[in-house]
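Inspection log for the structure reproduced underneath, given as structure tokens.
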């Protein structure tokens, strides 16, 4: 036996092994993203359609009064920009979960799950990788929006980054949790109808909550309970160099809850999902 | 038969002083698993020695893939215990998985990435630095004769080449136990023979313990260990010659028929 082939016995993992693993997962996610250029284009086209067409049409009927964090009257386009940034992250989170379902059906997920590093850490790396991809998309959107007179303070491009990371993690963790409970790729269409659309429309992304309250107090409370509303508000305030503490608490709390749920769902010893032979899982 | 009796030591470990020689490469102890009311595995017991080739023989649906999912921790263990070189897969999964390489029945390569990129990704998941991973990748690609295709997309490989790449990938982190679940399914005769030869070389030259799940008799050789699994139950285990003799048969095909009471794996009726 060749002595070079024997792995010496050792326990635990070094910090560098954790870092190498994180880099590897982010690198692979970035490669996949680059290979799917149409994904990048569609991720940008969707919010731009809202910005260029929807907002242009509704700016006259949907007046925005002075509400924090804005200090003056603003155009409707300016109001919905943070909501569209969050929308990019929402779709990206669900796209990542779709890719996890696909990986599971194709068998690629097994490669990840049989890695010796802790499964929770592997999933967290996967989540960070998805968030990094969403940041690229959001900043590309902000660049184009700048030419459309969406010009937040320069410092806002920096202060919004932590908010985007946190909201990206929350929406990615939600997507991961959903992917763990979806058994087949075909079932993913239901996510569009039951998760993405309700979360987006029942939020402050398209209209301020005071307007919702005037129209439907019930819907107002639904919007208040929607974590996506708080992701939008966190981004909105951060884009203007301000902090919305309630939104920060809600988004942070939901990130932790969704992440724990996702780890539990992928934990074979405590899995939420009943797994069957031949591909129910992984 | 006890678990000790079941120890399959058809080939002695090459280095008696190594830790690998002390512990079985794989130890399956009283493992049972159910999918709801359906029992997929019932009290399965056997061990695989280091530097040995053990065939896990069973028809489709015998429970082979379920067993692989348990050994690789894709499923949680409901009953029993699984150890890899003494490391309990439930209690110390990291240590156990680090010593194990796996080739699953379905393809698990990323088709849109190149051969090298697939290997580097696998290396990263095992915490192997990029520099070391590049060296090892070049080495294994040369060994499997695909060095000139290192930058090609996996999608462009043949079925046999993909399997060879998967085996190379499973060995990249230098495991001491290799699990292969029906690794030759869908391949032509030559590709099957090449892969089998390659894996047998790993046993003799590198001292790796191999568990080879199959439903094909012609993949088993006289010196191999044999575990017969049928409808979730382990019907026999031990060196192949002993299993055949205990069944009062002349060959593994007949032994399988007598043990399971079924038609042969090749479709011939029992005699």
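The values are calculated or read from the model by the stated rules, or taken from the named source; none is laboratory data. All of these numbers come straight from a predicted model, not from anything done at the bench. Backbone-built Cβ (ideal geometry, glycine too); neighbour counts: all protein chains shown.
Scan A:166, A:158, A:185 and give me the residue that is away from chain B (no Cβ under 14 Å) and modelled with pLDDT under 85.
Result: A:185 is the single residue among A:166, A:158, A:185 that is away from chain B (no Cβ under 14 Å) and modelled with pLDDT under 85.
For the list (1) part of a helix (DSSP H, G or I); (2) in contact (Cβ under 8 Å) with a residue 24 or more places away in the chain; (3) in contact with a helix residue (DSSP H, G or I) (Cβ under 9 Å, 6 or more places away or on another chain), I need the number of the one condition that residue B:155 fails.
Only one criterion is unmet by residue B:155, namely (3).
Condition check ((1) within 26 Å of residue B:93 (Cα to Cα); (2) assigned to a loop (DSSP other than H, G, I, E, B); (3) at pLDDT 80 or above; (4) within 14 Å of chain B (Cβ to nearest Cβ)) across all residues:
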position: A:63; (1), (2), (3), (4): no, yes, no, no
position: A:66; (1), (2), (3), (4): no, yes, no, no
position: A:77; (1), (2), (3), (4): no, no, yes, no
position: A:148; (1), (2), (3), (4): no, yes, yes, no
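Modelled with pLDDT of 70 or more, outside any helix (DSSP H, G or I) and surrounded by fewer than 21 Cβ atoms within 10 Å (Cβ to Cβ), is that true of residue A:73?
yes
Only residues that are crowded, with 24+ Cβ neighbours inside 10 Å and at pLDDT below 90: list them for region A:81-92, please.
If the condition is that a residue be crowded, with 24+ Cβ neighbours inside 10 Å and at pLDDT below 90, then A:92 is the only one that fits.
Would you mention how many residues in region A:88-116 are farther than 14 Å from residue A:126 by Cα and outside any helix (DSSP H, G or I)?
3
One residue is enough: does region B:141-163 have a residue meeting the conditions more than 23 Å from residue B:111 (Cβ to Cβ) and either surrounded by fewer than 22 Cβ atoms within 10 Å (Cβ to Cβ) or within 13 Å of another protein chain (Cβ to nearest Cβ) (or both)?
Checked against the condition, which is being more than 23 Å from residue B:111 (Cβ to Cβ) and either surrounded by fewer than 22 Cβ atoms within 10 Å (Cβ to Cβ) or within 13 Å of another protein chain (Cβ to nearest Cβ) (or both), region B:141-163 yields no hits at all.
So how many residues does region B:56-84 have that are over 15 Å from residue A:110 (Cβ atoms), within 15 Å of the chain's Cα centre (by Cα) and assigned to a loop (DSSP other than H, G, I, E, B)?
Counting residues in region B:56-84 that are over 15 Å from residue A:110 (Cβ atoms), within 15 Å of the chain's Cα centre (by Cα) and assigned to a loop (DSSP other than H, G, I, E, B) gives 2.
Could you name every one of the strands (runs of 3 or more DSSP E) located completely within region B:178-271 that has at least 3 residues being touching a residue at least 40 places away in the same chain (Cβ under 8 Å) and more than 15 Å from the chain's Cα centre (by Cα)?
B:233-239
Specify the residue that is farthest from the other protein chains (Cβ to nearest Cβ); the eligible residues are those in region B:111-129 that are closer than 28 Å to residue B:214 by Cα and touching a strand residue (DSSP E or B) at 6+ places or on another chain (Cβ under 9 Å).
B:115
Look through region B:23-36, keep the residues that are farther than 22 Å from residue B:208 by Cβ and within 12 Å of chain A (Cβ to nearest Cβ), and return whichever of them is modelled with the lowest pLDDT.
Across region B:23-36, the extreme among qualifying residues is B:36.
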